[in-house]
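Shown next, in structure tokens, is the structure this report addresses.
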Amino acid sequence: MAIGVFDSGVGGLTVHHRLVERFPDADFIYLADQANAPYGGKTGEEIVDLTRAGCERLFEAGCSLVVLACNTAASVALRRLQQTWLPDHRRTLGRPVNALGIVVPTIEAATGLPWEHEAERRGDKVEKLDVLGVFSTPATARSRVYEIEVDKRRQDVAVFSEPCPNLARMIEAGADRAALAAEVEGHVAALTTRIGRAPDRAILGCTHYEIVADLFRAALPTGTPLIHQPEATADALARYFERHPEYLAKGTGQRRFLTTGQAGVQHSLVETFWGAPLTFEPA
């Protein structure tokens, strides 16, 4: 059985690339829902419906596990699908299937604590706050998932989210570097103004943003640590496979790339990131 990777567009390729490196013998199928991208400005119900359709398509293609390499889908849809849809869908398919997200691994990396850990609430004043900036889509920012879940685990970390309404769309369209740099610089400046200083660390809370991680590094103060979701997700998936080896069936290293949008060779920004031309099949 294959491992599916789902995103609204090409951003999830950043996670996919790291997973392929970590599990080279596994078969992978990537699905980009480019016909409906981006997800960041859609309603919660729309995001749930689109994410469910993407998972269904990947399960139909032979995947046993789907990684939602999309912060918006993972933040808004994953828990609901796990609780209300997946149990019945497993019975319909007659085999084990599951969907995992990238938000949990990112929060584990940001806090240095396992997901199961919850901080003991104390009345002591925190002497020094670690300020964590999160750059994300508007839907992820509205969900407040990073603020809520980090606060459960670390009272000494303050989270500030900066919604970036246009950045994923620009990356998806292959915008030029100057325009992307100006967009990133504007959001870093806006977050810095709102906090009153630059963040101590930053999460690129949309997998599209990993494609322009160098622009974030240039816009943030020198040496500001970035929490990289592809690495965090690969680490978390390795731990998951230790507990559930049935989901990591040895394959032949097959790689398929599907899209609900226009099939064919992806634009030069993706090619530069991926290291070679990348062609999508129609989903």
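The values are calculated or read from the model by the stated rules, or taken from the named source; none is laboratory data. Just so it is clear, the model here is predicted, and its values are computed rather than measured. Counting neighbours? That spans all protein chains shown, and the Cβs are built from the backbone with ideal geometry, glycine included.
Go through region 190-205 and count every residue that is over 18 Å from Arg177 (Cβ atoms) and either surrounded by 13 or more Cβ atoms within 10 Å (Cβ to Cβ) or in the same structural domain as Ala69 (by TED's automatic domain parsing) (or both).
The qualifying residues number 11.
Before we move on, is Arg90 free of Cβ contacts under 8 Å to residues at least 60 places away in the same chain, charged (D, E, K, R) and in a loop (DSSP other than H, G, I, E, B)?
Spelling it out, it is not the case that Arg90 is free of Cβ contacts under 8 Å to residues at least 60 places away in the same chain, charged (D, E, K, R) and in a loop (DSSP other than H, G, I, E, B).
With the condition kept exactly as written, say whether any residue in region 205-213 is under 25 Å from Val157 (Cβ atoms) and free of Cβ contacts under 8 Å to residues at least 40 places away in the same chain.
Yes: one or more hits.
Evaluate the following for Glu242: is it within 28 Å of Glu56 (Cβ to Cβ), of a type in the set (D, E, K, R) and assigned by TED's automatic domain parsing to the domain that holds Gly9?
In short, yes.
Could you look through region 7-62, keep only residues that are of a type in the set (Val, Ile, Thr) and assigned to a loop (DSSP other than H, G, I, E, B), and pick out the one that is nearest to Gly174 (Cα to Cα)?
Among residues in region 7-62 that are of a type in the set (Val, Ile, Thr) and assigned to a loop (DSSP other than H, G, I, E, B), the one nearest to Gly174 (Cα to Cα) is Val10.
Test Ile203 against the criterion of being within 18 Å of Trp274 (Cα to Cα) and among the hydrophobic types (A, V, I, L, M, F, W, C), and give yes or no.
no
Taking the residues in region 3-30 that are among the small types (Gly, Ala, Ser) and more than 17 Å from Thr233 (Cα to Cα) as candidates, determine which candidate is surrounded by the most Cβ atoms within 10 Å (Cβ to Cβ).
The residue in question is Ser8.
Within region 249-283, can you find the residues that are in contact (Cβ under 8 Å) with a residue 60 or more places away in the chain, in contact with a helix residue (DSSP H, G or I) (Cβ under 7 Å, 6 or more places away or on another chain) and assigned to a loop (DSSP other than H, G, I, E, B)?
Leu278, Ala283
For region 267-274, indicate whether the set of residues that are of a type in the set (Phe, Trp, Tyr) and in contact with a strand residue (DSSP E or B) (Cβ under 7 Å, 6 or more places away or on another chain) is non-empty.
The answer is no, given that none of the residues of region 267-274 is of a type in the set (Phe, Trp, Tyr) and in contact with a strand residue (DSSP E or B) (Cβ under 7 Å, 6 or more places away or on another chain).
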